[in-house]
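J.: Have a look at the structure that comes next, please.
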Amino acid sequence: MELFESGACDLAIKIKTGTISSEEVTKAVLQKIEQREYDINAYITTTPELALKRAKSIDIQRIQGKDIGLLGGIPMAIKDSIITAGIRTTAGSHILENFIPPYNAHVIDKLLDAGAVIVGKTNTDEFTMGSTCETSYFKPARNPHNTGRVTGGSSGGSAAALAAHECIAALGSDTGGSIRQPASFCGITGIKPTYGRVSRYGLIAYASSLDQIGPMTKSVKDSALVLSVIAGYDNRDSTCLNEPVPDYLTEIDSGISGIKIGLPKEYFEEGLDSEVCDITMKAVEIMKSEGAEFIDISLPHTEYAIPTYYLLATAEASANLERYDGVRYGYRAENPENLYDMYCKSRSEGFGIEVKRRIMLGTYCLSAGYYDAYYRKAQKVRRLIKEDFDKAFKTVDAILTPVSPTPAFPLGSKINDPLQMYLADIYTISLNLAGLPGISVPAGKTSDNLPVGVQFMGRVLDENLLFRLAYALERNVGTSLTYEGAVV
Amino acid sequence: MKYIPTVGLEIHSQLATKTKIFCGCPTAFGGESNTHGCPVCLGMPGVLPVLNKHAVELAMRMALLTNGEIQKRSYFARKNYFYPDLPKGYQISMFEFPLIKGGYIDLKTENGPKRIRFNRIHMEEDAGKLIHVEGDIESYFDVNRCGVPLIETVTEPDFGTLEQVSLFLNQLKELLIFSGASLGNMEQGNIRVDANISIRPQGQKELNTRTEIKNMNSFVNALAAIEHEIARQTDIVEQGKKVIQETLLYDPVHGIIAPMRSKEEAHDYRYFPEPDLVPVFVDDEWIDRIRSELPEMRNEKRNRFIQEHGLPEYDAEILTTSPDIAKYYELVIGEGADPKKASNWVMGEVLRILNETRITIDEFKVKPSMLAELLIMIDNGSISGSMAKTVFDEMASNGRHPKIIVAEKGLTQISDKGELKKVIREVIESNPNEVEKYKSGKTNLIAFFVGQVMKMTRGKANPQEVNVILREMLS
C-alpha cells in the first residue's frame, strides 16, 4: 500500500496540504494494527478511539487554517516506559499493569504540541530490562521480518510496530542499546541522543544516568524530524542540557565528503557474526564512495563496558524501583500479614525474574563493604571508557560499528542464559556510559532475509553529523520502506 | 567512681522556604492531609527532582553564621530504605559530599567559654507522615510533609554537661530564627534533635560505646532524655555490665527510655550519588551575595536598640527575643510612638496577650500602626493611661481602630481646664471636712480628691491636669 511507503516527513506535508487527512492515515494504521497484532504483539495498549478523535480534530484545525505542527496528524507509537496522561502506562510490568498516570512525560507534551496522534503504547522488556522484549509481563513482541525471531529490546514493540507499519513514527528509550539494537533487528532507524538532549521527565527510570528517550522511525529524515520536536531544555529535568536545538533536516543531505570515520578494532573481534561483519564492511565501502575517510582506532576499555554497565545500571535500578512498594499505586499483594510481608509479597509477585535479578545485583553492589569494590570502581572504569571516546574523537569525527553481534535470533534461544543475553548489547553499551549519541540505520539483510543495521557514534550533541552519515548510507541501501523484502 | 558524659547532637531543622526542596508544592504547616502533593513528592514513576535554590541559600546562611566551610561542589545522595512514609523508597540526602563542612558555636558557660564544633551541615528532604487511628487496623499516609527541606547539623561529641547542651540548642535556635533559615517552631516539628551519648570514667581518654536517642521534638525533652540516659548508662557500668550500641526513643510522658529497633532490622542505607540531580556548585560570588543579604542577628539588633532607640538593656533583650517581635516594635515607633513608651507596651500588654491567647504576632489584631496611634493619643492627653488599657484589650479582641473605639464609647479624656474646674469645684464644695483636713496639712488627701473627680467624670478626666488644678484651688 502506497501510504505505508511514505514516512512521517512525507505524510506530514501531505496532511498539511490536505492531500490526505490525518483521519485516513490513522484509520489505515489502526487497520494494520488489527491485522497484524495477533502475531506481532507490538502494543501493550492501543487507543483507537482517542486516536481517531484526535486525528479528526487535527483535520478540523487544518481546515480552519491553523498551524497543526511539525508532526500534525501523524500516528505515533509510544514505548510503554514513557508516561502518558490518562493512558495506561505499564513499563511492561505486572506491578504497573493497571497504572493510569495523571501527568504527561515532557516528550509527550512536545509531541502533542506538534500535532502528533498517539495510537498506543508499545511493548517493552519489563522496566526496559532486556534485549529481546521477552521479559515483558505481556506476550513478547515478534519480529515482523520473521515472527519466530525476537524484535530485540527493550524498545522491541516500537521497532516491530514500525516494521509492520502499525505506526508511522515511534519513541523508544535506550539505556544500553534499547533503541539501536531492536532498530537493527527490525530494519528501522533509531537514534539514542546525547545524554541530556531530551528531557527524561516522565520516562520511567531504569538507570537514571544512562536512560535517554529517542526517535524510532522508518527513515533517517523521520528520526531527524521527530528529534527536532522532542529535544531541548526542560526545567523539570536537572540533567537536561540547556542548548539550542538545531534543525536537523536542513543539513541532512549536505554530503559527507572529507568526514573522518573511525573503525574501532575492539568492535570487530571474536563473537561478531560473519554476515553482520560483511554487511558492516559493505557499509564502510559505501561511505568511502560517498567521500568519507576511514581511520583505524582503538577504544581499549571496551571489554569492561558490559561489567561496568551491569554494576552501575543495576545499582541505580535497585533504588529507582524501590517506589513500587504497593503502598500508593500499582500492584499490592492481598492479605499481607504485616507491612514487611506486604512489601515482600507485592514486589515478589509484581516483578518478573529479570527485574528481580537486576535489583539483587544492584543492591549487592551498593551494600556496605562492597560499594568500593563494585560501585566506586565501576564509576572509575566508566570515566576511562569515556576518555577512550574523548581521545578517539580528537582524530575522527564519528565512529562506525556493528549494532549487535548477530541478527535477530530465535525467540526463547537466550532468555534462560542471562550472560549470553547481556552480550547482545556489547556494541551499544559503551555509548550510554560515555553519554554520547549513536544512531542505528539499516545497512542490509542476511541470507535469511533478516535486517542488519550499523551504528554511527558521535561527539556530544553532534546528532546533526550522525543524521548526515546515516542519510548518506540510507540513500544507497534504501529504507525499510523500500528495500527488497520490506514487510508491507 | 565519677563518670564523665560525652554527648554529640544531630539537629534537623526545617528550612523556611515557601515550596518543597524538589518540587513546587507548598511547605505550609497545617494544610488538610494530602493537599500539598504532586507526582514528584508522591514518588510517581518517571518524575524527577529539581533542587530549590532558596533552600541551598538558607543553608548557606547557617554556614556563614557558624564559620562553616561551604563546599564549592557538593552532591546529593540516595539513602535507601522502605517505609510507608517515604514514597520513593529512598530519601534524597547528602552523604559523602555535604554542602557544609566544619563550623562551630561558642558558648558562654558558667565555667567559662566552650566551643562546640560542627562536623557538617547537610541538606535533605523530610518524609511524609503516617497517621494511626486507635482501633483502626489501617494506617493513613499524609504527603504534605514529604519533600519539605531540612538541614541536618551534626556536631562533634563536644558536650560534657547538660548546661552546654541547653545553651547550645538555644543559641542554634536563635541563629536559625534570626537568620531566617528556619521558623524554628518546635510545636510544628521545625527542630528535631537526636543525641549520641556515652560515659567514661574520669581520667580515661578514649570514648566508650555510645547510644543514640532519636527524634526529640522539644529542648526540655532532649535535656531530660540525655539526663536519663547518662543515669541509665552509669547504672549499667556500676553494675559491672557493658553499654550496648543501640538506638533509643525517649517517652517524655512516662520518662522512660526504650530501644527503637532491634539489631536484625539494622539498616544498610546503601548510599550512592543521586543520578537525577547535578552537583551543587557554589562560587564565591554566590557566597558573597548571601553574606550581604544576611539579616541582622540578635546581638546586633539588641545593641542597635540600645543605641538607636535609647532603650535600657533589659528592654532591648526582651524585644529581641524573636525577630518578629523586634520588627513589630520597630514598626510601632516608625509610626511616631515614643520608643520607651512603645517598649513598655510591647513588653507588657502585647506579649501578655500573645501569651494568654497563644497566637503569633502575625495573627495579632493590633497592627503596629494601631498601637502607635493609641500611644500617641495617650501622649497628647486625649485618653488616659488606664483608659488606654481598656481600649487596647478591645482592639486586641476585635481589631478595631482606637479612635473609633474611643469615640463610640465616649472615652475621650477631659483636658479642658474650664470643664475640669467646674467638676473640681463641685468636689471641693461637697467635701468640706476633707478640705479642712487637707488645709491643716494632710496633703496626701489629694489622692482622695483626684479619685472623686475621676468618679464624677467616669475616669475621663486627665489626671495630670486634675492634679495641677486641684492643688491650685485647694491652696
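The values are calculated or read from the model by the stated rules, or taken from the named source; none is laboratory data. Note that the coordinates shown come from a computational prediction; the quantities given were computed from them, not determined experimentally. When we count neighbours, we look across all protein chains shown, and the Cβ atoms used for this are built from the backbone with ideal geometry, even at glycine.
J.: From A:Pro300, A:Pro307, A:Pro405, which residue is out of contact with any Leu (no Cβ under 6 Å at 6 or more places or on another chain) and either among the basic types (Lys, Arg) or not in a helix (DSSP H, G or I) (or both)?
T.: A:Pro300
J.: For the range A:330-359, what are the residues that are of a type outside the set (S, T, N, Q) and either facing chain B (nearest Cβ under 10 Å) or free of Cβ contacts under 8 Å to residues at least 12 places away in the same chain (or both)?
T.: Listed by number, the residues that qualify are A:Gly330, A:Glu334, A:Pro336, A:Glu337, A:Leu339, A:Tyr340, A:Asp341, A:Met342, A:Tyr343, A:Cys344, A:Arg347, A:Lys356.
J.: Is there a residue in the range B:420-435 that is loosely packed, with under 13 Cβ neighbours inside 10 Å, farther than 15 Å from B:Met473 by Cβ and out of contact with any Lys or Arg (no Cβ under 6 Å at 6 or more places or on another chain)?
T.: Yes - at least one qualifying residue is present in the range B:420-435.
J.: Can I ask one more? Out of (1) at pLDDT below 85; (2) surrounded by fewer than 19 Cβ atoms within 10 Å (Cβ to Cβ); (3) under 39 Å from the mean Cα position of the chain (by Cα), the odd one out for B:Thr390 is which?
T.: Unmet condition: (1).
J.: Let me ask something else about it. Output the residues belonging to the range B:43-68 that are outside any loop (DSSP other than H, G, I, E, B), surrounded by fewer than 22 Cβ atoms within 10 Å (Cβ to Cβ), more than 14 Å from chain A (Cβ to nearest Cβ) and out of contact with any helix residue (DSSP H, G or I) (no Cβ under 7 Å at 6 or more places or on another chain).
T.: B:His54
J.: Quick one: how many residues across the range A:34-63 are touching a residue at least 12 places away in the same chain (Cβ under 8 Å), farther than 15 Å from A:Ala159 by Cα and small (Gly, Ala, Ser)?
T.: 2
J.: Give me the pairs: first residue in the range A:187-203 and closer than 26 Å to A:Asp448 by Cβ, second residue at pLDDT below 95 and among the aromatic types (Phe, Trp, Tyr), beta-carbon distance under 8 Å, and six or more apart or on different chains, which are they?
T.: Correct list of pairs: A:Gly187/A:Tyr483.
J.: Look through the range A:360-377, keep the residues that are aromatic (Phe, Trp, Tyr) and outside any helix (DSSP H, G or I), and return whichever of them is farthest from the other protein chains (Cβ to nearest Cβ).
T.: If we take residues in the range A:360-377 being aromatic (Phe, Trp, Tyr) and outside any helix (DSSP H, G or I), then A:Tyr370 is farthest from the other protein chains (Cβ to nearest Cβ).
J.: Considering the range A:38-47 alone, what residues qualify as being buried (at least 18 other Cβ atoms within 10 Å of the Cβ) and assigned to a helix (DSSP H, G or I)?
T.: A:Ile40
J.: Looking at A:Lys414, A:Lys377, A:Lys345, A:Lys394 in this structure, which one is within 19 Å of A:Ile297 (Cα to Cα) and either surrounded by fewer than 23 Cβ atoms within 10 Å (Cβ to Cβ) or not polar (S, T, N, Q) (or both)?
T.: Answer to the selection: A:Lys394.
J.: Give the number of residues within the range A:13-27 that are in a loop (DSSP other than H, G, I, E, B) and free of Cβ contacts under 8 Å to residues at least 40 places away in the same chain.
T.: So the count comes out to 2.
J.: Return the total of residues in the range B:83-112 being closer than 19 Å to B:Leu169 by Cα and in a loop (DSSP other than H, G, I, E, B).
T.: Residues that pass the stated criteria total 4.
J.: Separate question: All but one of (1) out of contact with any strand residue (DSSP E or B) (no Cβ under 9 Å at 6 or more places or on another chain); (2) in contact (Cβ under 8 Å) with a residue 12 or more places away in the chain hold for A:Glu166, so report the exception by its number.
T.: Single failed check for A:Glu166: (1).
J.: In the set B:Thr247, B:Thr211, which member is under 19 Å from B:Ile4 (Cβ atoms), touching a Ser or Thr at 6+ places or on another chain (Cβ under 9 Å) and without any contact (Cβ under 8 Å) to a residue 40 or more places away in the chain?
T.: Among B:Thr247, B:Thr211, only B:Thr211 is under 19 Å from B:Ile4 (Cβ atoms), touching a Ser or Thr at 6+ places or on another chain (Cβ under 9 Å) and without any contact (Cβ under 8 Å) to a residue 40 or more places away in the chain.
J.: In this structure, is A:Asp39 under 29 Å from A:Asp125 (Cα atoms), modelled with pLDDT under 95 and out of contact with any Leu (no Cβ under 6 Å at 6 or more places or on another chain)?
T.: yes
J.: Out of all the residues in the range B:77-98, is one or more buried (at least 22 other Cβ atoms within 10 Å of the Cβ), more than 30 Å from B:Ile131 (Cα to Cα) and at pLDDT 95 or above?
T.: yes
J.: Okay, moving on. Based on this model, can you work out whether A:Tyr201 counts as outside any strand (DSSP E or B), farther than 17 Å from A:Ile82 by Cβ and not charged (D, E, K, R)?
T.: No: the conditions fail for A:Tyr201.
J.: Follow-up question, since we're still on this one. For the condition assigned to a helix (DSSP H, G or I) and either within 14 Å of chain B (Cβ to nearest Cβ) or at pLDDT below 95 (or both), what is the one hit in A:Leu111, A:Leu3, A:Leu30, A:Leu50?
T.: Within the list A:Leu111, A:Leu3, A:Leu30, A:Leu50, the selection yields A:Leu3.
J.: Please work out if B:Lys101 is within 11 Å of chain A (Cβ to nearest Cβ) and modelled with pLDDT of 95 or more.
T.: So B:Lys101 does not fit the description; no.
J.: Next up: Of everything in the range B:181-203, what is touching a residue at least 40 places away in the same chain (Cβ under 8 Å), over 30 Å from the mean Cα position of the chain (by Cα) and assigned to a loop (DSSP other than H, G, I, E, B)? Give them in sequence order.
T.: B:Gln202, the sole residue that qualifies.
J.: Look through A:Thr302, A:Thr308 and report the one residue that is of a type in the set (Val, Ile, Thr), within 29 Å of A:Ala472 (Cβ to Cβ) and crowded, with 17+ Cβ neighbours inside 10 Å.
T.: Of A:Thr302, A:Thr308, the one residue that is of a type in the set (Val, Ile, Thr), within 29 Å of A:Ala472 (Cβ to Cβ) and crowded, with 17+ Cβ neighbours inside 10 Å is A:Thr302.
J.: Tally the residues that are part of a loop (DSSP other than H, G, I, E, B) and closer than 16 Å to B:Gly381 by Cβ, restricting the search to the range B:411-433.
T.: Total meeting the criteria: 5.
J.: If you go through the range A:378-397, how many residues are closer than 30 Å to A:Ile259 by Cβ and within 13 Å of another protein chain (Cβ to nearest Cβ)?
T.: 1
J.: Continuing with this model, one more query. Out of everything in the range A:56-94 that is of a type in the set (A, V, I, L, M, F, W, C) and over 25 Å from the mean Cα position of the chain (by Cα), what residue ends up being surrounded by the fewest Cβ atoms within 10 Å (Cβ to Cβ)?
T.: Taking the candidates together, the pick is A:Ile63.
Yes/no per residue for (1) aromatic (Phe, Trp, Tyr); (2) in a helix (DSSP H, G or I); (3) closer than 21 Å to A:Pro405 by Cα:
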site	(1), (2), (3)
A:Asn235	no, no, no
A:Pro244	no, no, no
A:Tyr248	yes, no, no
A:Val276	no, yes, yes
A:Tyr343	yes, yes, no
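J.: Also: Answer with yes or no whether B:Ser182 is modelled with pLDDT of 95 or more, under 18 Å from B:Gln164 (Cα atoms) and surrounded by 12 or more Cβ atoms within 10 Å (Cβ to Cβ).
T.: So B:Ser182 fails the test.
J.: For the structure I just gave you, tell me whether A:Leu272 is within 30 Å of A:Lys380 (Cβ to Cβ), modelled with pLDDT of 95 or more and in contact with a Pro (Cβ under 6 Å, 6 or more places away or on another chain).
T.: Answer is no for this residue.
J.: Here's a follow-up. Among the candidates A:Gln181, A:Gln212, which residue alone is in contact with a Gly (Cβ under 7 Å, 6 or more places away or on another chain), among the polar types (S, T, N, Q), within 18 Å of A:Ser81 (Cβ to Cβ) and away from chain B (no Cβ under 12 Å)?
T.: After applying the criteria, what remains is A:Gln181.
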